[in-house]
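Undergrad: Here it is, the structure, as structure tokens.
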Amino acid sequence: MGERFYVTTPIYYPSDRLHIGHAYTTTVADSLARWHKFLGKDVFFLTGSDEHGQKIQRTAAERGLTPKAYVDDVVASFKELWQALNVQYDDFIRTSDERHHRAVQEVFQRIYDNGDIYKSQYEGLYCVPCETFWVESKLVEGNCPDCGRPVELVQEESYFFRMGKYADRLLQHIEDHPEFIQPETRRKEMVNFIKGGLDDLCVTRTTFDWGIPVPIAENHVIYVWFDALTNYLTAAGFPDDRQRLDKWWPADVHLVGKEIMRFHTIIWPIILMALGEKLPKTVFGHGWLLFDSDKMSKSKGNVVDPHALIAELGEDPIRYFLLREISFGQDGNFTKKALVERTNSDLANDLGNLLHRTLSMLGKYHGGAIPAPGAEETIDRELKTLAEETCQRTVELIDDLKINDALAQIWRLVGRANKYVDECAPWSLAKEESTQERLNTVMYNLFEVQRITALLVKSFIPRTGERIWEQLGIEQTLANTQFSDTAWGGLRPGTQTQKGDPIFPRIEWAEEEPDAAPEPDKAPKAAAKESAAVAPKEEEDAGIVGIEDFAKLNLVVAEVIAAESVKKADKLLKLQVDIGDEQRQIVAGIAQHYTPDQLLGRRIVIVKNLKPVKLRGELSQGMLLAATSSDGTLELVTVSDAIAPGSGVK
Ligand code: MSP
């Protein structure tokens, strides 16, 4: 059997619906799982729900439900969210599962039998929202140091776990395995915490009953964190399936938020030591997603609902933003504006536009079929080398859990390919018979880079990978590809591409940003003012401009490839036009003169360098030319099919 990879998310409390902060960890885990599958490994990706404890029992009671009825409903919403985010876990563990009860009771029993659990009396403080015991000296202004909420005094008979006994062994393990706690800053924090002394941990409760019964004592339930942490072993086969456990345990990575590092790097490894099981290879503590620089949380009322965002933008912009924008390990701000900007720049402009413009060119020059490449020039070798380096670097960066850096690296390749288009100017090569072979090489290389890019991004933005793949028209299904397929030259000449809609239309946002879009009538006024500065007074008065003024306008031929009406605007039509090396959207006041169908395929003339404006919320990137007679008849300025889109008009 080959290599295997076991990755986990925390199991989430069903105390409420999940927000975008929770989606963050799970998106990372899903991407890692997909990536390691792509590397050819046998992968196990586990997520789930942490259903017991005082907090859940209280929340259910407040809503007049039994804990089980309440959690069943919330857990169903977790699964819906993961589906909407295109998260493909291998197992979803619920701590209310029967298999988990047995595992937790067995862990408790074994540790008790070893003499590391003993009975005593607990008297101290407890934070219910965090399900954490505290000593007075650790409180901040009398409140929980983690969440800032009031703590409660608890007095009850309890069983204790001898954690202190294992402190030195744990410190030694941390020192011997630098990869165990990541990133480095968290490792230091944890080491200091352990060196400050470890108290024995209270591991049972008696004042409520929504939990796993303690096997050796009536009326006691197992402390929710002791129960929850064990989920990682349960799903791997503990205690009954030793063969399965030997295959999957220890986990490769537990991904957790920084505030629950203590549980995962102190309590959890000590439970495992007491049990005689191996410790996980890495616990990675990531930062928080902040909203206006504050932690997003239900109690602060600043949560972002992922469902609404997915419904509006699709899951990939969100996945991409979370993975690319936030340095994995550090806190990062979430704003819709930043999400839209990222999507427009990286997905719509860089990635989407590259695909669309190159497919348009290939359609024109080669009937959409991938040509066989000819002789290689230096610029081609550079592109190819960058593609090869990008594949290798991505493997290394993901191994180091530097996901945002890996995506930045992949986008350097996309950026290089866009520049390669401009440098090689396929539209010029297409004009001469003598440069056909060169054109073939350039087009092949461009599509080969995009094939490799689809392979590299499919673990992070899976649907996008699929959509690129579909438009490339490659027969082999993307799901069956492996990392070895990224080797240069895998694209078969003759492959018939399938040009479709742009994979990421630009998202419009300027509306909510008053300064971002100029008023529709501002641009012409500004232009008139500028020409006044150079034209003599009389000419200006007569409305005469110099050739240098006319030359400022870039007029080109555009082919209408799509047209539709604009909602709530009976005069406007929205057109998608091909101007040779790119596609643009133009909004024009011609709906009362043309139906959308009448425009398809027409070659019109547009002002290419007019400042973009928004009309009724739709972005217009240019203006079309039309003549209007005194009776109001309007006709577009058109040219015949003999003039290619992109041709200049003077
Ligand atoms: N049930 C425990 C985990 C038990 S694991 C054995 C728990 N659940 S939780 O639902 O409160 O949080 C789960 C995870 O979500 C934590 O890793 C936490 O850091 C993460 N996040 C919650 N809010 C977050 C942000 N605003 N940003 C990033 N992560 C967020 O703790």
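The values are calculated or read from the model by the stated rules, or taken from the named source; none is laboratory data. Everything quoted here is computed from the prediction, not taken from an experiment. Surface accessibility is based on the protein's heavy atoms, side chains included, excluding ligands, DNA and RNA. Shrake-Rupley method; radii C 1.70, N 1.55, O 1.52, S 1.80 Å.
Undergrad: Please label the shape of segment 87-211 as rounded, prolate or oblate, based on the square roots a ≥ b ≥ c of the eigenvalues of the alpha-carbon gyration tensor (a/c under 1.5 means rounded; beyond that, a/b larger than b/c means prolate, else oblate).
TA: The shape class here is rounded.
Undergrad: Right, another one. Rounded if a/c is under 1.5, else prolate if a/b is larger than b/c, else oblate: which is segment 207-293, with a ≥ b ≥ c the root eigenvalues of its Cα gyration tensor?
TA: oblate
Undergrad: Right, another one. Working from Cα positions, state the angle (0 to 90°, nearest 10) between the long axis of helix 462-472 and the longest principal axis of the chain.
TA: Roughly 30 degrees between the two axes.
Undergrad: Then there is this: Determine the share of segment 4-306's accessible area contributed by carbon and sulfur atoms, expressed in whole percent, with a 1.4 angstrom probe.
TA: That fraction is 46 percent.
Undergrad: Would you check segment 550-636 for Lys pairs whose C-alpha atoms are within less than 18 Å, ignoring same-chain pairs closer than 8 in sequence, and give me the count?
TA: 8
Undergrad: What do you get for Rg/Rh over the chain if you use C-alpha atoms and the Kirkwood form of Rh?
TA: On the Cα set of the chain, Rg over Rh gives 1.08.
Undergrad: Further question: On a 0 to 90 degree scale, rounded to 10, what angle separates helix 522-534 from the longest Cα axis of the chain?
TA: 50 degrees
Undergrad: Still on this model: Which value, in Å², gives the accessible area per residue of the chain when a 1.4 Å probe is used on the protein heavy atoms?
TA: Using a 1.4 Å probe on heavy atoms only, each residue of the chain averages 44 Å².
Undergrad: Right, here's the next one. If the cut-off is a Cα-Cα distance under 14 Å, which aspartates and glutamates reach K419, setting aside same-chain residues fewer than 8 apart in sequence?
TA: Once the sequence-local aspartates and glutamates are set aside, what remains near K419 is D350, D380, E382, D581, E582.
Undergrad: Next question. Among rounded, prolate and oblate, which fits segment 550-636 when a ≥ b ≥ c are the square roots of the eigenvalues of its C-alpha gyration tensor, a/c under 1.5 means rounded, and a/b larger than b/c means prolate?
TA: rounded
Undergrad: Of the heavy-atom accessible surface of segment 354-486 (probe 1.4 angstrom), what whole percent is carbon and sulfur?
TA: 46 percent
Undergrad: Taking a 24 Å limit on the Cα-Cα distance, which of the listed pairs K41/K402; K119/K188; K119/K278; K119/K165; K337/K384 fall beyond it?
TA: Too far apart for the 24 Å limit: K119/K188; K119/K278; K337/K384.
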